[in-house]
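We did not get these values from a lab; they are worked out from the coordinates using the rules stated. Keep in mind it's a predicted model, so treat the numbers as computed, not measured. With ideal geometry, Cβ positions are generated from the backbone for all residues, glycine too; neighbour counts draw on all protein chains shown.
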Amino acid sequence: MTNVTGDVLHTLFHSEQGGHEQVVLCQDRASGLKAVIALHSTALGPALGGTRFYPYATEEEAVADALNLARGMSYKNAMAGLDHGGGKAVIVGDPHKIKSEELLLAYGRFVASLGGRYVTACDVGTYVADMDVVARECRWTTGRSPENGGAGDSSVLTAFGVFQGMRASAQHLWGDPTLRGRTVGIAGVGKVGHHLVEHLLEDGAEVVITDVREESVRQIAERHPEVGIVADTDALIQVEGLDIYAPCALGGALNDDSVPVLTAKVVCGAANNQLAHPGVEKDLADRGILYAPDYVVNAGGVIQVADELHGFDFDRCKEKAAKIFDTTLSIFARAKSDGIPPAAAADRIAEQRMAEARGRG
């Protein structure tokens, strides 16, 4: 990515999601690596965020995604009470076609060159085994396997945190922190979604799912034949009697097309950057739909990988992730008192913590 176009530069310096401290464009011709590492803020500590491996159509798209995801991590880490700023990396390409040991090692060297300003972990398209390889070149790597001193799969606590966000949403809207008898639609039953299905069924919810990957749906159907299946997300969001919609795939799920036809009373899911653009949060509020901010409820995974840096303890992490319930309730209360949507309330709280940290610095 050494041939930076004017459009890429414009995205870097004039993005709506701007204010980033540092953006690194990485290229290793021998392995085919092309990557973007974006550091949004280190006010609270070293930037922490995962590595997404995805076949972006253009370099501009990759840069924009890295910027948006990094900014989201600053807010997520602040709301999770972590002493970490926000960062994110994206590797450009189809992981099923170009991922290799050589490429991951080259990527690890780029992360290491930042000297600890950025700590990486798993995200879409990267897994525990990949982090084990990256860690061979970079000690600022989390999400490794237990065999290599890591915490393993962070999706377990991500799903647990989203479930706590759903419980808080139920408490706020219906006066009872249970999903028993509620219908929950999950779009994406991969890494996180399939764990979320288990929590919901155990709590007595009715679950409906969809996923672009037939294998993911088949696995859920074999384990839980009582789970409903619909063809796609367009069908899911219009299911009659849907109480909660859980976007658990890629971002942008809440947009000008989906919000007007959404039948759910609550949106609470694991996907990052669910709001396609500013203003969608107001559209949800205008329709009386309660939105649990994505970066708040999906913070269980980052809580886990942050803990790994200090000697991983699952019970300690789960206790921290359980607090997502209280944090979500506090956001709803702030939104009500300030007369603003929950997404704006969460932003205010996170920005206040980051500002206070900068002031101390």
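Calculated mean residue ellipticity, 222 nm, the chain: -13500 deg cm²/dmol, from DSSP H runs (n ≥ 4) at -39500 (n - 2.57) each, averaged per residue and rounded to 500. For the stretch 210-312, the list of trypsin sites (Lys or Arg not before Pro) that fall in a loop by DSSP and count at most 15 other C-beta atoms within 10 angstrom reads ARG213, ARG287. Between ASP256 and HIS224, the simple spin-label model (points 7 angstrom out along Cα→Cβ) gives 3.6 nm. A simple spin-label model places pseudo-atoms 7 Å from Cα toward Cβ; at ARG109 and SER337 they are separated by 5.3 nm.
Dipole magnitude for the chain: about 960 debye, using +1 per Lys or Arg Cβ and -1 per Asp or Glu Cβ, origin at the Cα centre.
Partner aspartates and glutamates whose Cα lies under 13 Å from the Cα of LYS191, excluding those fewer than 8 positions away in the same chain, are identified as ASP123, ASP153, ASP211, GLU215. With a Förster radius of 22 Å applied to the beta-carbon distance between GLU351 and ASP83, the computed FRET efficiency rounds to 0.85.
The lysines within cross-link reach of LYS34, meaning a Cα-to-Cα straight distance under 21 Å and a gap of 8 or more places when in the same chain, are LYS88, LYS97, LYS99. Compared with the alpha-carbon gap, the fully stretched path from GLU202 to ASP286 is longer by 27.0 nm at 0.36 nm per residue.
To the nearest Å, what is the center-to-center distance of the stretch 246-268 and the stretch 33-53, using C-alpha atoms only? Comparing the Cα centres of the stretch 246-268 and the stretch 33-53, I get a distance of 26 Å. Computing semi-axes √(5λ) of the Cα gyration tensor in Å for the structure here picks out one of (1) 31, 23, 21; (2) 30, 27, 19; (3) 43, 24, 18, namely (1).
Within a straight-line Cα-Cα reach of under 24 Å, LYS282 can be paired with the following lysines, leaving aside sequence neighbours fewer than 8 residues apart in one chain: LYS76, LYS265, LYS336. For the stretch 20-64, the relative contact order is 30 percent, taking Cα pairs closer than 8 Å that sit 6 or more residues apart in sequence and dividing their mean separation by the residue count.
What does the extension gain come out to for ASP94 and GLU61, with contour length at 0.36 nm per residue minus their alpha carbon separation?
Value of the extension gain: 10.4 nm.
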